[in-house]
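Okay, structure first, notes after.
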Amino acid sequence: MLWRLCPERLETFLRARNLQVNLRVIEEQLRNQALAGVVSSIAFLQVFLTNLLNLILIMVVASFMLLDGERLWVLVLKFIPRHLHRRLSLTIERNFLGFFQAQILLMLFLTTASFLIFLLLDVKFPLILAFIIGLFDLVPGIGATLGISLVCFIVLSQNVWLSLKVLAACIVLQQIQDNFIHPRLMQNSLNLNPVVVFFALLVGARAAGLLGIFLAIPLAGVIVSWFDIEEMQAEG
């Protein structure tokens, strides 16, 4: 049969039918594309594992800070003038604690709402997919968008129309979160102009990667609150 012929005989077979095909060139191109795909996959896996390790380290550090954070904070205050202790404590508590509490609440909202939507749409593995979206939502800025994109890509293997419905539903949930829930959760902690938030995320990602993204917004909130920079605060 045709696919059992060696390359030389196959080329001869095709030339006899006026089909000029160089199988060696095609084979070389396929080999190069396969190697490029392997290299890209390894690079993506390396970046993914690095970010995953950073996320685990952040969670470990946060756990230790919750367990023994008071003693560490007392140590930090020893290097700061006594008359600034109360103001600094209130500023950092309002920005850092308020920010992380809000992020957790937003994650719980998006995870729960996505899980219910996936159940209504009869999506396979709804809890796992909802957890993926919620986990990505912990990353400020583009986390929710990345999580939704990944989930829609996974659902695409089940059904194209179902993937489009999941995308539409998740976009609606994300808009509700960003425009109604997020401002109310942050109004008592962070008071930052959206441009400042975006710039802080860029600087944080550039300076310290995933860890910088997590810390950029609350740090910017502390700086703006401490120096009372009205131009960098949110309107109203």
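Taking each residue of the stretch 120-132 that is touching a residue at least 12 places away in the same chain (Cβ under 8 Å) and looking for partners that are of a type in the set (Lys, Arg) with beta-carbon atoms closer than 8 Å, six or more apart or interchain, yields LEU121/LYS165.
Every listed requirement among (1) assigned to a helix (DSSP H, G or I); (2) closer than 19 Å to VAL224 by Cα; (3) open to solvent by 60 Å² or more (accessible area, probe 1.4 Å); (4) not basic (Lys, Arg) is met by SER89 save one, (3). Checked against (1) under 14 Å from the mean Cα position of the chain (by Cα); (2) under 11 Å from LEU173 (Cβ atoms), THR145 passes all but condition (2). Just checking, which of PHE115, PHE131, PHE96 is in a helix (DSSP H, G or I), farther than 30 Å from PHE199 by Cβ, open to solvent by 30 Å² or more (accessible area, probe 1.4 Å) and in contact with a Pro (Cβ under 7 Å, 6 or more places away or on another chain)? That would be PHE115, the only listed residue that is in a helix (DSSP H, G or I), farther than 30 Å from PHE199 by Cβ, open to solvent by 30 Å² or more (accessible area, probe 1.4 Å) and in contact with a Pro (Cβ under 7 Å, 6 or more places away or on another chain). The residues of the stretch 149-169 that are of a type outside the set (Ser, Thr, Tyr) and either in contact with a strand residue (DSSP E or B) (Cβ under 7 Å, 6 or more places away or on another chain) or closer than 16 Å to ILE132 by Cβ (or both), listed by number, are LEU150, VAL151, CYS152, PHE153, ILE154, VAL155, LEU156, GLN158, VAL166, LEU167, ALA169. In this entry, LYS124 is excluded by the filter for residues that are surrounded by fewer than 19 Cβ atoms within 10 Å (Cβ to Cβ) and in a helix (DSSP H, G or I).
Checking each residue in the stretch 161-195 for being of a type in the set (Ser, Thr, Tyr) and out of contact with any Gly (no Cβ under 7 Å at 6 or more places or on another chain) picks out only SER163.
For the stretch 81-115, what are the residues that are hydroxyl-bearing (Ser, Thr, Tyr) and free of Cβ contacts under 8 Å to residues at least 24 places away in the same chain? Those that are hydroxyl-bearing (Ser, Thr, Tyr) and free of Cβ contacts under 8 Å to residues at least 24 places away in the same chain: SER89, THR112. Of everything listed in (1) of a type in the set (A, V, I, L, M, F, W, C); (2) open to solvent by less than 10 Å² (accessible area, probe 1.4 Å); (3) part of a loop (DSSP other than H, G, I, E, B), the single unmet condition for VAL139 is (2). Scanning the stretch 150-167 finds no residues that are open to solvent by 80 Å² or more (accessible area, probe 1.4 Å), under 30 Å from ARG94 (Cα atoms) and hydrophobic (A, V, I, L, M, F, W, C).
A residue that is closer than 18 Å to GLN101 by Cβ and out of contact with any Lys or Arg (no Cβ under 8 Å at 6 or more places or on another chain) occurs somewhere in the stretch 142-163.
The values are calculated or read from the model by the stated rules, or taken from the named source; none is laboratory data. Bear in mind that the values here come from a model prediction, so they are computed numbers and not experimental data. Positions of Cβ are backbone-derived with ideal geometry, glycine not excepted, and every protein chain shown enters the neighbour counts. Please note that ligands, DNA and RNA were not included when accessible areas were found on the heavy atoms of the full protein model with its side chains. Shrake-Rupley method; radii C 1.70, N 1.55, O 1.52, S 1.80 Å.
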